[in-house]
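Report on one structure; see the data block that follows.
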Amino acid sequence: MKAASVLTILCLWASANARKTGREDSGLSVRVKEYCYNQFPPACDISKYADWYRVGSYCLKYFNTPLNFSDAEFFCRNAVPGGHLVSVHSQQANTDLLCIIMKHNASHPRIWTGGMELFQSNKFIWIDGSRWEYQNWVPGQPDNTRNNEDCVEMNWSHTGKWNDDTCRNEKAVVCSFKNRV
């Protein structure tokens, strides 16, 4: 898909979402649209995984395979050695992830990340064992509705933002692995 097509999809999706929520979606700014158009994440450096994208020190791939959280994690572990659901460590990585999602499925962009709440403590961890050093919650989240939301999704009500959700719900998957090249 050409970069201009990605930008068109992003613009259409953003305007539809802004009408639906009744406000400008702060997660999809002009800066994000320009970034996705001008600097889409490059291919992974490992030739065997050239259809994956490099985001920081990770390689990522979007799978339009709706799975619950635990099945999604096992899916990623089977997809690639060292694979896990995606962890996000900076605003730049969050933006790159958003670009990848919107390129592959702008009409249904909700995905599982590898974030999960640790024993209903309101403390979150990445399932890949990396440090929780960045977060991008929807305002008012996480809220652990009915004490039943322990897994972290992206693109629930604000594009590019995170929400806690019930782990048994099914969403698309973004897998990642640490690029050691």
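The values are calculated or read from the model by the stated rules, or taken from the named source; none is laboratory data. Quick caveat, the model's predicted, so the values are computed rather than measured. Neighbour counts run over all protein chains shown; Cβ positions are idealised from the backbone, glycine included. Ligands, DNA and RNA are excluded from the accessible area calculation, which covers all protein heavy atoms including side chains. Shrake-Rupley method; radii C 1.70, N 1.55, O 1.52, S 1.80 Å.
Structural remarks
- Failed item in (1) among the small types (G, A, S); (2) open to solvent by less than 10 Å² (accessible area, probe 1.4 Å); (3) modelled with pLDDT under 95, with S176 passing the rest: (3)
- Matching residues, the range 138-181, being aliphatic (A, V, I, L, M) and under 30 Å from S47 (Cβ atoms): M154, A172, V173, V174, V181
- Apart from one condition, W137 fits all of (1) at pLDDT below 95; (2) more than 29 Å from Y49 (Cβ to Cβ); the exception is (1).
- Within the range 125-134, if we keep just the residues that are within 23 Å of L67 (Cα to Cα) and in contact (Cβ under 8 Å) with a residue 12 or more places away in the chain, the residue that is least open to solvent (accessible area, probe 1.4 Å) turns out to be W126.
- Answer residue from the range 45-91, given it is of a type in the set (D, E) and closer than 15 Å to K171 by Cα and is least open to solvent (accessible area, probe 1.4 Å) among those: E73
- Positions within the range 110-124 being out of contact with any Cys (no Cβ under 9 Å at 6 or more places or on another chain) and either under 20 Å from A43 (Cβ atoms) or open to solvent by less than 10 Å² (accessible area, probe 1.4 Å) (or both), in sequence order: I111
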